[in-house]
Amino acid sequence: MRGRRMYVIGGLLGLLAPAAALAWPVDQAVTLEPGKETFQRLTAVDWAESEDPAVVTAEALAQSGELLLTPHKPGVANVLLYAEGRFAVWRVMVGPIELQPHVAPLAAAKKACPDLKVVEGLERSLTATVQDNACRLALRDLMRTHAFLARELDLTFAVPQLQAQLEDFMAGMPPGLTVSYSGAGLVLSGKTDRAGHHKALWELFNRGVGRVPLEDRAEVEAPPEAPAKEDAADATVSDVPAPDAGVVAPVKAKAKAAGKKQR
């Protein structure tokens, strides 16, 4: 049975810098109650995918321009949204849940990034210079907690760390897709199917920290059309399978290098 219709106003395109690439942390956090589906009014959304459909499922409703989130059981799942070449990832918390502690990851990040500064309260923010792998990886662990949203970060990357992060991105690309730098931004290119495209976006999010401008040039093949079904009245004896026949079915987050900011 569907729960009471609830609305949360939001805009996918308004949450991101133009053509921003995915990377930790999430753009927005949403809390839902089990069994109470929520319709999000968005500026635009082409498709949406939940990383854990057992916790929450996500469906883009093209006719109404809404995102339908259906929570199933307590837990946390990230939902990836895509619209007009732009991306967002939301953390959907289906309560009651216990928030992931961030004290230890924050302490580790402060140790690995000597100039890291955190502002608490309504104007919460984090600034840091990413000088080495230890700092970058410690920040990524911290961003996987509930501590910060993407718009609350202000990061400066040393050039070697931009290259190291690019190598991480490349390692996660599915066959047929590549990612490279063009100036201060990334370019995703190649040819793949829908599943490969989705995987590439998830990998960019999960392997990165902070925002990097992205140009999505990936060519996504349309899924094959299902064969038309014959009417039962047109079936012949030869169309009926034998009894033993088998049936087959189918942020403010900124990264800067060499004096350039990346959004």
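The values are calculated or read from the model by the stated rules, or taken from the named source; none is laboratory data. The shown structure was predicted, so the numbers you read here are calculated from the model rather than taken from an experiment. In this analysis, Cβ positions are derived from the backbone assuming ideal geometry, glycine residues included, and neighbour counts consider all displayed protein chains. The area values use the complete protein model at the heavy-atom level, side chains included, leaving out ligands, DNA and RNA. Shrake-Rupley method; radii C 1.70, N 1.55, O 1.52, S 1.80 Å.
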Requested in this report: Take the Cβ-Cβ distance between E33 and S125 as r, set R0 to 35 Å, and report the resulting FRET efficiency rounded to the nearest 0.05.
Outcome: 0.70
Query raised in the report: At a Förster distance of 35 Å, what's the computed FRET efficiency of E219 paired with R41, Cβ-Cβ distance as r, to 0.05?
Result: 0.70
Report task. Please work out how much length the chain gains when fully extended from R194 to A134, using 0.36 nm per residue of separation minus the C-alpha to C-alpha distance, in nm with one decimal. Result -> 18.2 nm
Requested in this report: State whether the range 35-111 is rounded, prolate or oblate according to the following rule on the C-alpha gyration tensor (a ≥ b ≥ c being the square roots of its eigenvalues): a/c under 1.5 gives rounded; otherwise a/b larger than b/c gives prolate, and the remaining case gives oblate.
Outcome: oblate
Query - P(r) weight above 24 Å for the range 105-207, C-alpha pairs, percent - result: 31 percent
Query - the range 99-165: Rg to Rh, with Rh as the Kirkwood radius over Cα pairs - result: 0.95
**Report entry** Pairwise label distance in nanometres, L68 with I97, each label 7 Å out on the Cα-Cβ vector
**Finding:** 2.2 nm
Query raised in the report: Which net charge results for the neighbourhood of C135, defined as the other residues with beta-carbon distances under 13 angstrom from its beta-carbon, given Lys and Arg at +1 and Asp and Glu at -1?
Result: +1
**Report entry** Accessible area of the range 150-225 belonging to carbon and sulfur atoms, whole % at 1.4 Å probe
**Finding:** 52 percent
Requested in this report: DSSP loop (so not H, G, I, E, B), at most 14 other Cβ within 10 Å: list which GluC sites (Glu not before Pro) in the range 77-157 pass both filters.
Outcome: E84, E98, E120, E123
